[in-house]
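*Asks:* Pasting in a structure now, in C-alpha cells, and then I'll have a few things to ask.
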4 protein chains.
Amino acid sequence: MNEIEKSKEEIAIAIRAYNQKGWSPATSTNYSFRTIMDNETIYVSRSGVDKSLFSAKDFITVNRIGNPIGKDVQTVPSAETLIHCILYDLFPETGVILHSHSVYPVLISQKFEKHIDFEGYEIQKGFSGQTTHDAKISIPIFDNTQDMDEFSTVLIENKNRIVNHSFIMRNHGTYAWGKTLFEAKRHLETLEYLCQCEWMIRND
Amino acid sequence: MNEIEKSKEEIAIAIRAYNQKGWSPATSTNYSFRTIMDNETIYVSRSGVDKSLFSAKDFITVNRIGNPIGKDVQTVPSAETLIHCILYDLFPETGVILHSHSVYPVLISQKFEKHIDFEGYEIQKGFSGQTTHDAKISIPIFDNTQDMDEFSTVLIENKNRIVNHSFIMRNHGTYAWGKTLFEAKRHLETLEYLCQCEWMIRND
Amino acid sequence: MNEIEKSKEEIAIAIRAYNQKGWSPATSTNYSFRTIMDNETIYVSRSGVDKSLFSAKDFITVNRIGNPIGKDVQTVPSAETLIHCILYDLFPETGVILHSHSVYPVLISQKFEKHIDFEGYEIQKGFSGQTTHDAKISIPIFDNTQDMDEFSTVLIENKNRIVNHSFIMRNHGTYAWGKTLFEAKRHLETLEYLCQCEWMIRND
Amino acid sequence: MNEIEKSKEEIAIAIRAYNQKGWSPATSTNYSFRTIMDNETIYVSRSGVDKSLFSAKDFITVNRIGNPIGKDVQTVPSAETLIHCILYDLFPETGVILHSHSVYPVLISQKFEKHIDFEGYEIQKGFSGQTTHDAKISIPIFDNTQDMDEFSTVLIENKNRIVNHSFIMRNHGTYAWGKTLFEAKRHLETLEYLCQCEWMIRND
C-alpha cells in the first residue's frame, strides 16, 4: 500500500471513530489531506457519504482550487471543499484538515460573538505552540454562510486571529488542521474538549 | 444476495448502531422498508425484539394495510405497523421508515405543544429540500395514543404540516423516513441533533 | 452447548454491553439466573470481577440461601447474593436478575424519598403488565445498607409496592428482573430510561 | 508471552477503552506499571501517542528517577513521568498508575479548592479500605503546574491526605493507582463516577 492509500485508510478510521462520538450526524462534515511531495493535489471526502460507513474509497481528488481531477473529473465535490483549499493556501504546512459538527461548539457559538477564550486548562497544550496551561488562548468564531467565496474572504481577512490551528463556524461546527493526521486530531480533540468544559461550567 | 436481503442486512446494521446510541431501549422502536418494484409489500421489524441483537431475520412481511402475508401470516405485528402503512400511503416516494425513542425529542415534547421550530443551524440542510441554514423549519409534535386508527387520522389531517420527512410523538419518540435508508438516516439524525441542541440551549 | 452454558454466554454479552454504557463502574453490580427445571440452583456473577471483561466462566453456583455449592463451595460470593435469593423467593416466576449502578437512578434517589412516579411515557409499556402510556406507575426507593438481612426484611415488608419488577437502592443503583433475560433487560432499560428523562426534565 | 508483555497488552486494552469514554483526548494522559520482582524498572507510556491507537509497543522503560534505560535510552519521556516515579516511591505497594483527563474531575476542580468529599455512595467501597457507603471520604485537589519538581514536593508534603489511592489535578485530570491493573482501574472508575454524580447533583 503506498503512502496515499495508507493515509486514506488511516483518516477513514478517524472519520468512523468521530462519527461514533456523534461528531458527524446526517452525512455532515468533510475531511481532506495532501502529501508533502505534491501539495497541488488534495484528497477530499466525497459529498454526502454516511460517515458511519466512510471508507478509503470515498476520497476524491481535486486541485488547489477545488476542481475535481483525474478519474474524479465528473464528480461534484462538496461546496465546502473551497474551505479546505483556502486553508491549505493560508497555512502552507497543513497536511490534514478535519471538520466536526459536534454539539458543544455549536452551543458555544450561540453564546459567544467573535471568539471564545480558554485559560488554565492543561489540555491547551494540545495546540501546537502552547507549552503551558498558564496562558489565555482564543479561538475565533465566524458566522456561517452558504457563500464559500464570501467565507474564503473572511478567512483571509482573519488569518492573524487563527493562531491555534482551528476555528468555529456559528451553528455549524469546527475546523481543525495540522501537518499530519496525528496533529490535526490533537487540535480537533483539544478544541472539542475545551468547548465541552466551558459549556458545562456555564451551566453550573 | 438479492436486493431485499441486502436491504435487510443494511437496515439491521443501522438498527444495532442506533441501539448503541440509546435510541431504542427496552425493545422499543420499529423499522420498515419497501422496494420500488413492489410497493404493496412492506418489510417491518418483528414486534418485541431486543434491538441490540436485531438481525436481517427479524423482518416480517406485511401488505399495505399491515396484515402479515406469506410465511409470516401467523405473526402478530406491532400495533405501530399501521403508522408505517399510513406513512407509505401519505408520502408515496418513501422507501424506508425509521423510529427512535431517544431522550431529547421526548424531553422537547414535554415543553413544546404543537411543533418545534429550528432556525439557523447548518444541519437543517440534512432535511431534503432545505438548502440553507438561513431558514426557519418546523417539525410537528403529535400527542401519543394507543389507538392507531385515531393516530392515522391525525397524520392524514396534518399531512400538510409534515414537510420535513419526520415528526415527534409526545413522550414517545420520533419517526423519520426517506426514499432510501441513506436519506431516512439523514432525516432521523438531523432531527435528533436539532432536538439535542435546542434542549441544551434551553438549559443554558 | 447446553441451556445453562447458553444462558451464561448470553448474560455475559449483556453484562459487557451494560458496562460500556457506564452502568457497572469499578467492578460494581451483580447478575444472576436460574432455570425453570431447577429453581433451587442459582448462577450468580462472582464477586469483584471487572465487568468490561466478564465472561461465562465468571458465574458461580449457589443454593437458594446463597451458599456456594458444587465446585464453587470454597468461593465467597458477594454479600448482595442474598438480595438475589430473596427476590427469587418473593417473585417465583423470576429467571434472571440484573443490577445497575448507573448515574441517573442514583441522582434520582437523592431527590425522591420513598418512590418515584412516572406518567405518560410510551416506554412505560416496557414493564410487563403495563399496556398504555396513559397511566401512573411507581418504583419504590429503598435506603442503602450493608446489612443484607435487614435489607431482605425491607424487601419482604414492601413486596406489595414492588409491582414493576424493579426497585432503586438509594445512592447505590437499581435492581430489575424478569422471567427471561429478554424480559429482565426490558425492565432494567425501561427504568434507566425513565430515570434519565425525569432527571433531565427536572433540570430544565 | 511473559508477565511483562502480558501486562503491556492488558493495560493497552484498558487505555483504548478509556479513550473511547473520552478520558484521554488529544494524546493526553500517561500510564505506567512495574512488577513485584523488579520495582526499580518502570514501564511508562510513550509521550504523545494517540490513545485510540495505543498498543503494547508504546511502553518505554525508565528507572526509578524517570530516566530511560535499555533500548529506550535515547527516548525523551513525558515530563509527567516524574509524577509516576514519585507515586511509586510514596506508595510502595503500587504496581499500576492510571491517569485521566475526563471532564467531570476538571469541572469539579474549578468549584472546589483543596479537596472534594463524598458521602453515602455505595461505590465508595470501590476504594480499597472503604467497607461501607456510610462514611465521608476526601480526595485532595492540587493546583496544576508545569514544574514537576515542584509538584513532586506537593505530593510528598500532602502524602497523608492521599488516602484513597487517587487525587485530582486542577483543570488537568485525575491520577489513580493500585497494586494491580484490576485495583487501579477500580480506583480510577470510582473517582470518575463520584465526580460525575457530584457535578450532576450540583446542577439540579
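The values are calculated or read from the model by the stated rules, or taken from the named source; none is laboratory data. This one's a predicted model, so the numbers in the text were calculated from it and none came from an experiment. We place every Cβ from the backbone using ideal geometry, glycine too, and count neighbours over all the protein chains shown. SASA here: full protein model, heavy atoms, side chains in, ligands and nucleic acids out. Shrake-Rupley method; radii C 1.70, N 1.55, O 1.52, S 1.80 Å.
*Asks:* Would you confirm, using the coordinates I've provided, whether C:Leu90 is more than 23 Å from D:Glu189 (Cα to Cα) and not polar (S, T, N, Q)?
*Replies:* Details: more than 23 Å from D:Glu189 (Cα to Cα): yes; not polar (S, T, N, Q): yes.
In short, yes.
*Asks:* Under the condition of being more than 7 Å from every other protein chain (Cβ to nearest Cβ) and buried (at least 20 other Cβ atoms within 10 Å of the Cβ), which residue from the range D:113-124 is farthest from C:Asn144 (Cα to Cα)? I'd like the intermediate steps shown before the answer.
*Replies:* Within the range D:113-124, the subset more than 7 Å from every other protein chain (Cβ to nearest Cβ) is D:113-119, D:124.
Right, trim to buried (at least 20 other Cβ atoms within 10 Å of the Cβ) and you get D:116, D:118, D:124.
Values: D:Ile116: 22, D:Phe118: 15, D:Gln124: 13 Å.
Out of the qualifying residues, it is D:Ile116.
*Asks:* A:Asp58 passes all but one of (1) within 14 Å of chain B (Cβ to nearest Cβ); (2) under 23 Å from B:Thr132 (Cβ atoms); which number fails?
*Replies:* Here A:Asp58 clears every test but (2).
*Asks:* Filter the range A:42-70 down to the residues that are under 16 Å from A:Ile86 (Cβ atoms) and among the polar types (S, T, N, Q) and list them by number.
*Replies:* Initially, the range A:42-70 is screened for residues under 16 Å from A:Ile86 (Cβ atoms), giving A:42, A:44, A:62-67.
Listed by number, the residues that qualify are A:Asn63, A:Asn67.
*Asks:* Which of the residues spanning the range C:16-26 are not polar (S, T, N, Q) and not in a helix (DSSP H, G or I)? Step through it out loud before you land on a result.
*Replies:* So the first thing to find is which residues in the range C:16-26 are not polar (S, T, N, Q), and the list is C:16-18, C:21-23, C:25-26.
Within the range C:16-26, C:Lys21, C:Gly22, C:Trp23 qualify.
*Asks:* Checking D:His133 against (1) closer than 30 Å to C:Glu198 by Cα; (2) within 14 Å of chain A (Cβ to nearest Cβ); (3) at pLDDT 95 or above, which single condition isn't satisfied?
*Replies:* Of the numbered conditions (1) closer than 30 Å to C:Glu198 by Cα; (2) within 14 Å of chain A (Cβ to nearest Cβ); (3) at pLDDT 95 or above, the odd one out for D:His133 is (2).
*Asks:* Now, a different point. Do we find that A:Ile13 is hydrophobic (A, V, I, L, M, F, W, C) and not in a loop (DSSP other than H, G, I, E, B) in this structure?
*Replies:* Working: hydrophobic (A, V, I, L, M, F, W, C): yes; not in a loop (DSSP other than H, G, I, E, B): yes.
For A:Ile13, the condition - hydrophobic (A, V, I, L, M, F, W, C) and not in a loop (DSSP other than H, G, I, E, B) - is met.
*Asks:* When residues of the range C:151-199 are filtered for being within 14 Å of chain D (Cβ to nearest Cβ) and within 23 Å of D:Phe118 (Cβ to Cβ), how many remain?
*Replies:* 12
*Asks:* Would you confirm whether or not the range B:148-161 contains a residue that is closer than 25 Å to B:Lys51 by Cβ, β-branched (Val, Ile, Thr) and over 15 Å from the mean Cα position of the chain (by Cα)?
*Replies:* Taking the range B:148-161 and keeping what is closer than 25 Å to B:Lys51 by Cβ, we get B:148, B:151-152, B:155.
Filter once more, so that each one left must be β-branched (Val, Ile, Thr): none.
No; the residues of the range B:148-161 include none that is closer than 25 Å to B:Lys51 by Cβ, β-branched (Val, Ile, Thr) and over 15 Å from the mean Cα position of the chain (by Cα).
*Asks:* Which of the residues belonging to the range D:163-189 are open to solvent by less than 10 Å² (accessible area, probe 1.4 Å) and either of a type outside the set (Ser, Thr, Tyr) or closer than 18 Å to C:Gln110 by Cβ (or both)? If you could, list the steps in order and put the result at the bottom.
*Replies:* First, the residues of the range D:163-189 that are open to solvent by less than 10 Å² (accessible area, probe 1.4 Å): D:164, D:166-169, D:172-178, D:184, D:187-188.
Selection gives D:Asn164, D:Phe167, D:Ile168, D:Met169, D:His172, D:Gly173, D:Ala176, D:Trp177, D:Gly178, D:Ala184, D:His187, D:Leu188.
*Asks:* Within the bounds of the range A:54-74, is there any residue that is within 15 Å of the chain's Cα centre (by Cα) and β-branched (Val, Ile, Thr)? Can you show your working first?
*Replies:* Narrowing the range A:54-74 to residues within 15 Å of the chain's Cα centre (by Cα): none.
No: the range A:54-74 contains no residue that is within 15 Å of the chain's Cα centre (by Cα) and β-branched (Val, Ile, Thr).
*Asks:* OK, next. List the residue pairs whose Cβ atoms are under 6 Å apart, where the first residue sits in the range B:20-44 and is closer than 13 Å to B:Pro77 by Cα, the second is of a type in the set (Ser, Thr, Tyr), and the two are 6 or more positions apart or on different chains.
*Replies:* B:Asn30/B:Ser45; B:Asn30/B:Ser78; B:Tyr31/B:Ser45; B:Ile42/B:Ser32; B:Tyr43/B:Thr61; B:Val44/B:Ser32; B:Val44/B:Thr81
*Asks:* For a quick check of your reading of the model, give me the residue pairs whose first member lies in the range A:177-191 and is under 15 Å from A:Phe91 (Cα atoms), whose second is outside any strand (DSSP E or B) and of a type in the set (S, T, N, Q), with beta-carbon atoms closer than 6 Å and at least 6 apart or on different chains.
*Replies:* A:Trp177/A:Thr94
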